[in-house]
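Notes to accompany the following structure.
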Amino acid sequence: MPDDESQLGFETLAIHAGQPPDQATGAVVTPIAQTSTFAQSSVGEHQGYDYGRTANPTRTALETCLAALEVAMYGRAFSSGMSAVDAVLRLLDPGAHLLMGNDVYGGTYRLLSQVHARAGLRFDPVSLEDLAEVAAAWQSSTRMVWVESPSNPTLRIADITALAELAHARDALLVVDNTFATPYLQQPLLLGADIVVHSTTKYLGGHSDVIGGFVATSDEELSRRIAFLQNTVGAVPSPFDCFLVLRGIKTLAVRMERHCANAARVAEVLCEHPNVGRVYYPGLPEHGGHDVARAQMRGFGGMVSFTVRGGEARALTVASSTSIFTLAESLGAVESLIEHPHRMTHASLSDSMLAVDPSLLRLSVGLEDIDDLIADLRGALDIAFSG
Ligand SMILES: *Cc1c(COP(=O)(O)O)cnc(C)c1O
């Protein structure tokens, strides 16, 4: 690995950044440093590690690698996406105000409305596609704009560059939850964002076998505060979990290419199906955010949502009638998943203004044979409309 990593391509960094062969043994794969503490040669003298909550070599490898992929100076791996989101929200003082998209991950909304709101944080959901609406919702105490693009579950696209300019002109931070896109498809810091957040549980891990989170930034002061919060609260991932995410990242680029190709085909087939209402996929030319997505993303991602004609009952039947698409929460792994956001991932929004259409289904299109996936969805739609 050359010293100047900045010239290297994404795939090379994904496989090598932060992961030189082990100095002690030559092991090609970064060892799992399963230890809680580290020997000191004299008081305060050590090799950069003193206690496993503060830092761990396997975690450092993951942090270095993922920060490189996000083109960030600093990165911190967390025990879950939610603990990463929580650390970023804790940057705000009581009484501060936050603007967020009105189509956000249910767990982020729950954390804001039931935990941070009690600690004095105020927030308003807005339509992030509409810059005039964002500006109109601005308050003198607004300190942060929280962006998910593509959003969850209706895959709306926000113009990250324009929102960063708007936020910076008003002395606020722009945060992007980049879980759906991954750094392979979208690098928010290059578009002007201050902080990127991930649930590494999804595409970065990629195999449905680990829970993890990440925060990346190039602002030294923000990085220092995030590290302080993480070490103080103890929201750290295990060395084994860091190893699993690192292993997943090595194949991220090839997986994302196939996720995108399979999802595009699924979206196309659903658009033509008589029992499907609306199809939400940023790769469709008629999608409202298609042009912005084309400009700020390398591909349109592996998530597709659609409404089933005839309402919730038929949607529920489709969700439980597939055989290759597994009915489950989560997303971003090799196997295809189907879910009903209103009752599953977004149930915590069901009494709020952000409630999701009960006829909506969300697909995480995996890496199985595309013809098998299409036949599976057609079959489930047939079952739902046969009675
Ligand atoms: C899953 C997810 C989270 C939460 O991450 P966990 O790893 O489940 O804690 C946050 N944001 C988005 C967009 C997600 O999909």
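Summary of computed values
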| item | result |
| --- | --- |
| Residues being closer than 18 Å to Ile211 by Cα and either open to solvent by 30 Å² or more (accessible area, probe 1.4 Å) or at pLDDT below 95 (or both) - total across region 62-79 | 2 |
| Unmet criterion (only one of (1) surrounded by 10 or more Cβ atoms within 10 Å (Cβ to Cβ); (2) out of contact with any Ser or Thr (no Cβ under 6 Å at 6 or more places or on another chain); (3) assigned to a loop (DSSP other than H, G, I, E, B)) for Leu13 | (3) |
| Single condition Ser141 does not satisfy, out of (1) under 30 Å from Phe240 (Cβ atoms); (2) touching a strand residue (DSSP E or B) at 6+ places or on another chain (Cβ under 7 Å) | (1) |
| Residues being of a type outside the set (Val, Ile, Thr) and under 16 Å from the mean Cα position of the chain (by Cα) - total across region 90-109 | 7 |
| Region 95-111, residues that are within 12 Å of the ligand (Cβ to nearest atom), closer than 25 Å to Leu131 by Cβ and among the aliphatic types (A, V, I, L, M) | Met100, Val104 |
| Among the residues listed as Ala137, Ala158, the single one being small (Gly, Ala, Ser), more than 30 Å from Leu367 (Cα to Cα) and either surrounded by fewer than 22 Cβ atoms within 10 Å (Cβ to Cβ) or more than 12 Å from the ligand (Cβ to nearest atom) (or both) | Ala137 |
| Filtered residue count, region 105-142, keeping only those that are among the hydroxyl-bearing types (Ser, Thr, Tyr), closer than 21 Å to His342 by Cα and not in a helix (DSSP H, G or I) | 2 |
| Unique residue being more than 27 Å from Thr200 (Cα to Cα), in contact with a strand residue (DSSP E or B) (Cβ under 6 Å, 6 or more places away or on another chain) and either surrounded by 22 or more Cβ atoms within 10 Å (Cβ to Cβ) or outside the structural domain of Val126 (by TED's automatic domain parsing) (or both) when the list is Arg378, Arg314, Arg362 | Arg314 |
| Residues being farther than 20 Å from Glu257 by Cα and more than 7 Å from the ligand (Cβ to nearest atom) - total across region 198-214 | 3 |
| Where Asp86 falls short, out of the listed (1) in contact with a helix residue (DSSP H, G or I) (Cβ under 8 Å, 6 or more places away or on another chain); (2) open to solvent by less than 10 Å² (accessible area, probe 1.4 Å) | (2) |
| Residues of region 96-124 classified as within 17 Å of Leu173 (Cα to Cα) and out of contact with any helix residue (DSSP H, G or I) (no Cβ under 8 Å at 6 or more places or on another chain), total | 5 |
| Contacts under 6 angstrom Cβ, first residue in region 102-130 being in the same structural domain as Ala158 (by TED's automatic domain parsing), partner within 14 Å of the ligand (Cβ to nearest atom) and part of a helix (DSSP H, G or I), 6 or more apart | Gly106/Ser348; Gly106/Leu349; Gly107/Met82; Thr108/Val85; Tyr109/Leu349; Arg110/Ser348; His116/Leu89; Phe123/Leu112 |
| Qualifying residue in region 329-348 (condition: assigned to a helix (DSSP H, G or I), open to solvent by 40 Å² or more (accessible area, probe 1.4 Å) and of a type in the set (Lys, Arg)) | no |
| Check on Ala235, open to solvent by 10 Å² or more (accessible area, probe 1.4 Å), among the hydrophobic types (A, V, I, L, M, F, W, C) and touching a strand residue (DSSP E or B) at 6+ places or on another chain (Cβ under 9 Å) | yes |
| Hits in region 50-94 (condition: within 26 Å of Phe38 (Cβ to Cβ), within 16 Å of the ligand (Cβ to nearest atom) and part of a loop (DSSP other than H, G, I, E, B)) | Ser79, Ser80 |
| Among the candidates Gln40, Gln19, Gln23, residue that is farther than 22 Å from Ser149 by Cβ, open to solvent by less than 20 Å² (accessible area, probe 1.4 Å) and assigned to a loop (DSSP other than H, G, I, E, B) | Gln19 |
| Selection within region 241-281 - open to solvent by 50 Å² or more (accessible area, probe 1.4 Å) and farther than 30 Å from Leu62 by Cβ | Arg265, Glu268, Cys271, Glu272, Pro274, Arg278 |
| Selection status of Glu329, at pLDDT below 95, closer than 21 Å to Gly81 by Cα and under 18 Å from the mean Cα position of the chain (by Cα) | yes |
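The values are calculated or read from the model by the stated rules, or taken from the named source; none is laboratory data. If you're wondering where the values come from, they're calculated on a predicted model, not measured in any experiment. A quick note on method: Cβ atoms are made from the backbone with ideal geometry, for glycine too, and the neighbour counts reach across all protein chains shown. SASA here: full protein model, heavy atoms, side chains in, ligands and nucleic acids out. Shrake-Rupley method; radii C 1.70, N 1.55, O 1.52, S 1.80 Å.
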